[in-house]
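Notes follow once the structure below has been shown.
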Amino acid sequence: MNAVVDAIDELLPQTQCRQCGFTGCRPYAEAIAAGTASINRCPPGSADVITELAALLETDAMPADETCGVTAAPAVAVIDEAECIGCTLCITACPVDAIVGARRLMHTVIAVECTGCGLCLPPCPVDCIAIAPTGAAHDRQRQREAAGRLRQRYLARQQRLAGKSPRRRKAVAATATPAAARKRAMLDRALSRARARIVAKP
Ligand code: SF4
Ligand code: SF4
Ligand code: SF4
């Protein structure tokens, strides 16, 4: 089973954006392999990923499930540094460590590492992060080339969080509680609203 999950995961964009309804690309790959999720739930991957997954799994392609969102043009987060209060909440939210900064100091997005997933928007208390299109078109080849690096950044972050101080480990463990799940669901709803606003903009 792991080889199948690996092969599916290899095709996913690794933005870890959670639009598929799972906590990241790997859990979605596991659900596809287990037959509990369909192959059409990854907006960043566009129809290309559906086609590739269908070929891999020797099944039929299908239209994208737009309840997960629509494929957006490449974009990056931009922080209005004059407004940033240095709370670090965006750093905590970014799954690929694309934000640098320190407490009470302004924060900056490393544009080349940012996937434009928007997960940093809802936690920002002063609403000073925007998602800006890069002007490039969706490019599956480039996406595939970036995926390995994004997976490594995501895994390195997970390992770092897991290996921090006992207090930090407790905090990470607390993210598995029902209260944390409710908070995550609330953030996910806020994120959906933010994404809807981004897509609705002309
Ligand atoms: S990139 Fe696709 S598979 Fe990965 S978390 Fe986002 S929607 Fe899910
Ligand atoms: S900076 Fe924001 S938009 Fe960019 S990858 Fe991190 S969470 Fe996603
Ligand atoms: S969440 Fe907003 S205010 Fe807080 S550090 Fe990030 S950009 Fe600055």
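Here is how the numbers come out for the structure above:
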{"read-out": "Only listed residue being within 19 Å of the chain's Cα centre (by Cα) and more than 21 Å from D139 (Cβ to Cβ), chosen from T15, T108", "value": "T108"}
{"read-out": "Residue match in segment 41-50 (condition: surrounded by 15 or more Cβ atoms within 10 Å (Cβ to Cβ) and farther than 25 Å from P133 by Cβ)", "value": "no"}
{"read-out": "Residue within segment 62-70 that is surrounded by 16 or more Cβ atoms within 10 Å (Cβ to Cβ), free of Cβ contacts under 8 Å to residues at least 40 places away in the same chain and more than 16 Å from ligand 3 (Cβ to nearest atom) present", "value": "yes"}
{"read-out": "Top-ranked residue in segment 72-87 [being surrounded by 17 or more Cβ atoms within 10 Å (Cβ to Cβ) and part of a loop (DSSP other than H, G, I, E, B); ranked as nearest to ligand 3 (Cβ to nearest atom)]", "value": "C84"}
{"read-out": "Criterion (within 25 Å of Q158 (Cα to Cα), of a type outside the set (F, W, Y), more than 16 Å from ligand 3 (Cβ to nearest atom) and without any contact (Cβ under 8 Å) to a residue 12 or more places away in the chain) met by exactly one of A37, A31", "value": "A31"}
{"read-out": "In segment 101-117, residue surrounded by the fewest Cβ atoms within 10 Å (Cβ to Cβ) [restricted to those that are within 13 Å of ligand 3 (Cβ to nearest atom) and outside any loop (DSSP other than H, G, I, E, B)]", "value": "T108"}
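One line per residue, one yes/no per condition, for (1) within 16 Å of ligand 2 (Cβ to nearest atom); (2) touching a Ser or Thr at 6+ places or on another chain (Cβ under 7 Å); (3) modelled with pLDDT of 95 or more; (4) not in a loop (DSSP other than H, G, I, E, B):
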{"residue": "E10", "(1), (2), (3), (4)": "no, no, yes, yes"}
{"residue": "P13", "(1), (2), (3), (4)": "yes, no, yes, no"}
{"residue": "G21", "(1), (2), (3), (4)": "no, no, yes, no"}
{"residue": "A31", "(1), (2), (3), (4)": "no, no, yes, yes"}
{"residue": "S46", "(1), (2), (3), (4)": "no, yes, yes, yes"}
{"residue": "L56", "(1), (2), (3), (4)": "no, no, yes, yes"}
{"residue": "T59", "(1), (2), (3), (4)": "no, no, yes, no"}
{"residue": "P63", "(1), (2), (3), (4)": "no, no, yes, no"}
{"residue": "T67", "(1), (2), (3), (4)": "no, no, yes, yes"}
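The values are calculated or read from the model by the stated rules, or taken from the named source; none is laboratory data. The shown structure was predicted, so the numbers you read here are calculated from the model rather than taken from an experiment. Because the Cβ atoms are built from the backbone with ideal geometry, glycine has one as well, and the counts that use them run over all protein chains shown.
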